[in-house]
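S.K.: Can you keep this structure in mind? I'll have questions shortly.
The values are calculated or read from the model by the stated rules, or taken from the named source; none is laboratory data. Being a predicted model, the structure only gives us computed values, none of them experimental. Using ideal geometry, Cβ is built from the backbone for each residue, glycine included, and neighbour counts are taken over all protein chains shown. Ligands, DNA and RNA are excluded from the accessible area calculation, which covers all protein heavy atoms including side chains. Shrake-Rupley method; radii C 1.70, N 1.55, O 1.52, S 1.80 Å.
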Amino acid sequence: MRKILFHLLPALLLLAACNGNAPAPAETREGIASVNGEAITESEFNSYAERRTGSDPAALEPMIREQLLNELVNIELLAQAAAADKLQEKSPLKEQLEFQRQTAMADAAMTAYLEKHPVAEEAVRAEYEKRQAELSGTEYKARHILVEDEATANELINELEAGADFAELAKQHSIEPGADQSGGDLGWFSPAQMVPPFAAAVTSMQPGERSETPVQTQFGWHVISVEDKREVPPPPFEQVAPQIQRFLTSQRIQDYINELRGKAEISGVETTTDAATDDAENAGETAPAEEGAQETPAADPADTEEGGEAKPEA
């Protein structure tokens, strides 16, 4: 029954808001409307309207504003009915309300802390300068032929040494999807986008070189030809500043939580402050990466878009 009422509530609110007999907005000394003496304030309305519409409450049309205010009236009526039945003292509502209270307090604590300890632009710029090497790097342009066994890969290497065309062999023999059209072209990619054995082979070669022995990965055996490489400069500060800001903000909050944990008496869990930091970094914001860089596990070098551009793993 509770689930049925939960799903019906939005419809009931809208129905009553559109009903000609719905309570009309009333100006009171305490707020913009009143329900059995309980005021609905302007700030409450603005908060609800912004969440409900995603728009600036001040820019709402009068008809929309009236509809939203009637929705708040309906919510207040239902809340008063629940209070009359003392539902707030019963499970599961009692626990839900307590959790919402704790969540709101935690959010307020983080907001207050950041107001006292904001992440200044100087800190963002310093982090950007520190990560210059990470934000830049080398990209490679290569082709490869993927086959199922080492013997076939060695036969193809022998054919290449005898003068065979790499792209033609890839079209004929590679089991990579689309290789019959792309000739094994991977386009430009960073080593981080590829599985470690493939990346190690590519970075050990210069443009114009190819693998002298087959390279094994979990996807099969590869014959690789590096065609070109280039140095990629770091993106401009303005482009990555918001990402760095979020990272430093997350880091600052985690430091605050670790400070609180260090002063608290906690039992029933084995998590230390260091482990808590690791968990937060793994689950949340990570260090800013080069624009377009791979942030997920390394991809199969055979997993490419038609036309040859390296495609990161989804």
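S.K.: Quickly run through the range 195-226 and pick out the residues that are surrounded by fewer than 16 Cβ atoms within 10 Å (Cβ to Cβ), more than 13 Å from residue 157 (Cβ to Cβ) and either among the polar types (S, T, N, Q) or over 29 Å from the mean Cα position of the chain (by Cα) (or both).
M.R.: Result: 203, 204, 206, 207, 208, 216, 218.
S.K.: Would you call residue 186 within 21 Å of residue 207 (Cβ to Cβ), surrounded by fewer than 18 Cβ atoms within 10 Å (Cβ to Cβ), in contact (Cβ under 8 Å) with a residue 60 or more places away in the chain and in contact with a Lys or Arg (Cβ under 7 Å, 6 or more places away or on another chain)?
M.R.: When the stated conditions are applied, residue 186 does not pass them.
S.K.: So for the range 6-19 (the condition being assigned to a helix (DSSP H, G or I), among the aromatic types (Phe, Trp, Tyr) and at pLDDT below 90), does at least one residue qualify?
M.R.: The answer is yes; a qualifying residue exists.
S.K.: Another question, then. Please name all residue pairs, on different chains or six or more residues apart, with Cβ atoms under 6 Å, provided the first residue is in the range 249-267 and is closer than 12 Å to residue 113 by Cα and the second residue is loosely packed, with under 12 Cβ neighbours inside 10 Å.
M.R.: Pairs that qualify, where the first residue is closer than 12 Å to residue 113 by Cα and the partner is loosely packed, with under 12 Cβ neighbours inside 10 Å: there are none.
S.K.: Moving on to the next point. I want to confirm something. Restricting to the range 103-148 and keeping residues that are open to solvent by 60 Å² or more (accessible area, probe 1.4 Å) and part of a loop (DSSP other than H, G, I, E, B), which single residue is farthest from residue 175 (Cα to Cα)?
M.R.: 117
S.K.: Go through the range 41-78 and give me each residue that's farther than 27 Å from residue 93 by Cβ and part of a loop (DSSP other than H, G, I, E, B).
M.R.: Within the range 41-78, 54, 55, 56, 60, 61 meet the criteria.
S.K.: Suppose the filter is open to solvent by 80 Å² or more (accessible area, probe 1.4 Å) and modelled with pLDDT under 95; does residue 95 pass it? Don't jump to the end; show me each part of the working.
M.R.: Numbers: open to solvent by 80 Å² or more (accessible area, probe 1.4 Å): yes; modelled with pLDDT under 95: no.
The answer is no for residue 95.
S.K.: Just give me the residues in the range 165-183 being out of contact with any Pro (no Cβ under 9 Å at 6 or more places or on another chain) and surrounded by 19 or more Cβ atoms within 10 Å (Cβ to Cβ), in sequence order.
M.R.: Across the range 165-183, the qualifying residues are 166, 169, 170, 173, 174, 179, 182, 183.
S.K.: Shifting gears a bit: Please find, among 70, 46, the residue that is in contact (Cβ under 8 Å) with a residue 24 or more places away in the chain and open to solvent by less than 80 Å² (accessible area, probe 1.4 Å).
M.R.: 70
S.K.: Run down 128, 140, 113 and say which single residue is touching a residue at least 12 places away in the same chain (Cβ under 8 Å) and either among the β-branched types (Val, Ile, Thr) or in contact with a Ser or Thr (Cβ under 9 Å, 6 or more places away or on another chain) (or both). Quick ask: steps written out before the conclusion?
M.R.: On the way: 128 fails: either among the β-branched types (Val, Ile, Thr) or in contact with a Ser or Thr (Cβ under 9 Å, 6 or more places away or on another chain) (or both); 113 fails: either among the β-branched types (Val, Ile, Thr) or in contact with a Ser or Thr (Cβ under 9 Å, 6 or more places away or on another chain) (or both).
After applying the criteria, what remains is 140.
S.K.: How many residues does the range 79-92 contain that are open to solvent by less than 90 Å² (accessible area, probe 1.4 Å) and either part of a helix (DSSP H, G or I) or in contact (Cβ under 8 Å) with a residue 60 or more places away in the chain (or both)?
M.R.: Number satisfying all stated conditions: 8.
S.K.: Which residue, of 257, 266, 244, is at pLDDT 95 or above, open to solvent by 40 Å² or more (accessible area, probe 1.4 Å), of a type in the set (Val, Ile, Thr) and more than 30 Å from residue 210 (Cα to Cα)?
M.R.: Working: 266 fails: at pLDDT 95 or above; 244 fails: open to solvent by 40 Å² or more (accessible area, probe 1.4 Å).
Result of the check over 257, 266, 244: 257.
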